[in-house]
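As structure tokens, the structure follows; a few thoughts come after it.
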Amino acid sequence: MCGIAGIVFKEQKKTQFPVIASKMLEHRGPDDEGFLAFDGKCAEKIKGWNIDKPAKMALIHRRLSVIDISDNGRQPMSSEDARFHIVFNGEIYNYIELRNELKVKGYNFFSNSDTEVLLKSWMEWGAESINKFVGMFAFAIFDKIKNELCLVRDFFGIKPLYYAFDDSFFAFSSEIQPLLKLNKARGKVNPQRLYEYLRTGMTDYGGDTMFLNINQLAPSHYLKIKLNNHKELEIKRYYELKTGKILDISFEEAKKTVRELFLESVSLHLRSDVPVGTALSGGVDSSSIVCGARYLDPLHEILAFSFIPDEPSISEEKYADIASAYANVKIHKVFIKPEDLISDLEDLIKVHGEPFGSTSIYAQYRVFKLARENNIKVMLDGQGADEILGGYAPYTAARIASLVRSGNYAEAFDLYRNAQKLPGRNGLFKNTAKYFIPEFFKPLAYKAVGNDLIPKWINKGWFVKNNLVCKINEESYNFNIFKNELLKGLQKTYIPALLRYEDRDSMAHSVESRVPFLTVKLVEFMLSLPEKYIINKNGETKYIFKEAMRGIVPDKILDRKDKIGFATPEKKWLQAVSLRVEGMLKEESPFLNMKELKNEWRDIANGKKHFNFRVWRWLNLISWSKIYEIEA
């Protein structure tokens, strides 16, 4: 796990960008730094960057030493013939198996690092090697003979990779902030992304960012440029989720396979030359990782880290205690005061680079901080489970809609009736009905339930002036309704943002976070199962996974009917610091109708209107705009 960056110039140029980028990415890799300078003919690996020496290209690496922590794993790393040069952020978990395969083909290895395995896999198979990897990765590899730079991002976008370019340069980085130091990249907001964030909290999908002149390489894509033509980008998708075919498989056989695939993934994700910890909320996902790790290694020391809210209705402390006791792991707990959020807010926004969805991101930030304070460099977390296992409440509505569309009306009615009895299903009817509302009628329907496409607190005039059509981009897929929603969760509405939060919160404290639920084998298998295996007739979500974990995870956790998620007492926190909130709302914003916004906050504070994440989005946007000097 590391930080990477690089820059290509139209012509050789003296530059401070490598020094600036390395310093700004230091938190991602505090253990070492390295540079590669290319003058158009020779590539030279150097420890420190010479700002007085012109370069055609520079590659920058900050190292967090996790696999082969010796100097042999140092980057940039080059092939023995000096043709290929790589900077890599992430982990290739199956590097041992791939190294053995490459040895059979005659390759020799000077290190025990996964970076060298990645490099030599590329030498042997080129871009075809990507689909051999089990891991999370963002890397840049330079082919001196082809005079070509290739950037690659992993299947689900676990690791970030941003880029910017103009007539004189092409640059990339693990984070946005270094790119903001370059000309023409600073402060220009992307109106569509801004609107979607304000309206729904949606961020991070596809190739756009909140900054108009900064892009991100989308998951499952690679980008190639020739050094003699840095503005001509070749961007290709190397992997597409296989989602169309439903397996003809018995429940027992499917359950066995789910168990095997999950434990195999946890085993691979535990590979490390430094101690590994786990995040533990007390829910099914994180408890399965903790208990699965213990099942695989009965003697290994495991540390778990939990956020404990001071609001009983959303606290999962008792379940975290059950899981930790069952797995015999030591648990460390984070307790947060409302004042902590305000005092850390500026640093939190700087860490993320773009606005984010809720205060749960702060709780996650503090969990990783505690892990680092306990000398943990690697953490396992449960991101992705809800998306592939139908864990969110709206997925039950999608399952009902699928049954109706397929003519199974009695089954749909029974599922609706049973699901309504479960906690957290109050919006089931509304969520189900949306699948049957004609597209042209949706704006009126949203308004009828108090959910305008353009709420009064959004400055509609600014968006109209910037030629934005205010609607939510809802992509359709050639797939049934339920699996379509799972797919959207993976590609657009949930996972892209959650993975960004995970990466920034962990790397802010120099911790590598790993997500065992997001492997191609496990995801594709789950998406190929009959819907009733995922959400059963009683409305129980994650059904097959829970059954697969019997005997590994305590029944008290697997039999839970409620779902809290990683929740914070956001309303309580913000009301406790209401004077600070009101002070922030005195700031002016060209994107918000401040008069309406203040009125809405007063109604919320007085209990006249319901509280939701929109309040946090206001505060986040106002602070982000100020910190990053956003232009209107």
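Each value in this text was obtained by applying a stated rule to the coordinates, not by laboratory testing. Predicted model, so just to flag it, every value in this text is computed and none were measured. No Cβ is skipped: glycine too gets one built from the backbone with ideal geometry, and neighbour counts run over all protein chains shown.
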From the square roots a ≥ b ≥ c of the eigenvalues of the alpha-carbon gyration tensor of segment 506-630, which class results: rounded (a/c under 1.5), prolate (a/b over b/c), or oblate?
prolate
Checked the chain with the C-alpha gyration tensor, a ≥ b ≥ c its square-rooted eigenvalues, rounded below a/c of 1.5, otherwise prolate if a/b is larger than b/c and oblate if not; verdict oblate
Counting only DSSP loop positions in segment 132-228, the chymotrypsin sites (Phe, Trp or Tyr not before Pro) whose Cβ has at most 15 other Cβ atoms within 10 Å are none
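Local charge sum around LEU415 (other residues, Cβ-Cβ under 12 Å, Lys/Arg +1, Asp/Glu -1)?
Around LEU415, the charge tally is +2.
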Give the aspartates and glutamates reachable from LYS456 as a straight Cα distance under 12 Å; neighbours fewer than 8 places away on the same chain don't count.
GLU596, GLU600
By a straight-distance test (C-alpha under 20 Å), which aspartates and glutamates pair with LYS561 as possible cross-link partners, with residues fewer than eight away in the same chain excluded?
ASP285, GLU311, GLU316, GLU317, ASP321, ASP386, GLU387, ASP414, GLU531, GLU540, GLU547
Charge dipole (the chain, unit charges on Cβ, about Cα centre) - positive-most of ILE176, ALA412, GLN216
ALA412
Taking R0 as 41 Å and r as the Cβ-Cβ distance between TYR409 and ASP559, the FRET efficiency 1/(1 + (r/R0)^6), rounded to the nearest 0.05, comes to 0.85
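Sorted by average packing, counted as other Cβ atoms within 10 angstrom per residue and highest first, what order do 559-565, 537-543 take?
By packing density, highest mean first, the sequence is 537-543, 559-565.
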What FRET efficiency comes out for the pair ALA82/LYS47, r = Cβ-Cβ distance, R0 = 22 Å, nearest 0.05?
0.80
Order of 499-506, 422-429 by packing, highest average Cβ count within 10 Å first?
499-506, 422-429
Answer rounded, prolate or oblate for segment 266-406, using the Cα gyration tensor with square roots of eigenvalues a ≥ b ≥ c: rounded when a/c is under 1.5, else prolate when a/b is larger than b/c, else oblate.
oblate
Leaving out same-chain residues fewer than 8 places away, which lysines sit with a Cα under 22 Å from that of LYS330?
LYS318, LYS369, LYS377, LYS556
Over 20 Å between C-alpha atoms is what I'm after, so list which of LYS132/LYS521; LYS492/LYS572; LYS14/LYS56; LYS132/LYS483 land there.
LYS492/LYS572; LYS132/LYS483
So which GluC sites (Glu not before Pro) in segment 560-632 pass both tests, a DSSP loop state and at most 10 other Cβ atoms within 10 Å of the Cβ?
GLU588, GLU629
Too-long pairs where the Cα-Cα distance tops 32 Å, listed order kept, from LYS586/LYS608; LYS563/LYS586; LYS53/LYS224; LYS350/LYS586; LYS47/LYS333:
LYS563/LYS586; LYS47/LYS333
Unit charges at the beta carbon, dipole of the chain: most positive-side option, ALA548, GLY427, PHE591:
PHE591
Label-point separation (nm) for VAL469 and SER528, each offset 7 Å from Cα along Cα-to-Cβ?
3.8
Return the FRET efficiency for the residue pair ASP39, GLU260: r is the Cβ-Cβ distance, R0 is 56 Å, and the value is rounded to the nearest 0.05.
0.60
Net charge over other residues, Cβ less than 13 angstrom from the Cβ of SER65 (K, R count +1; D, E count -1)
-4
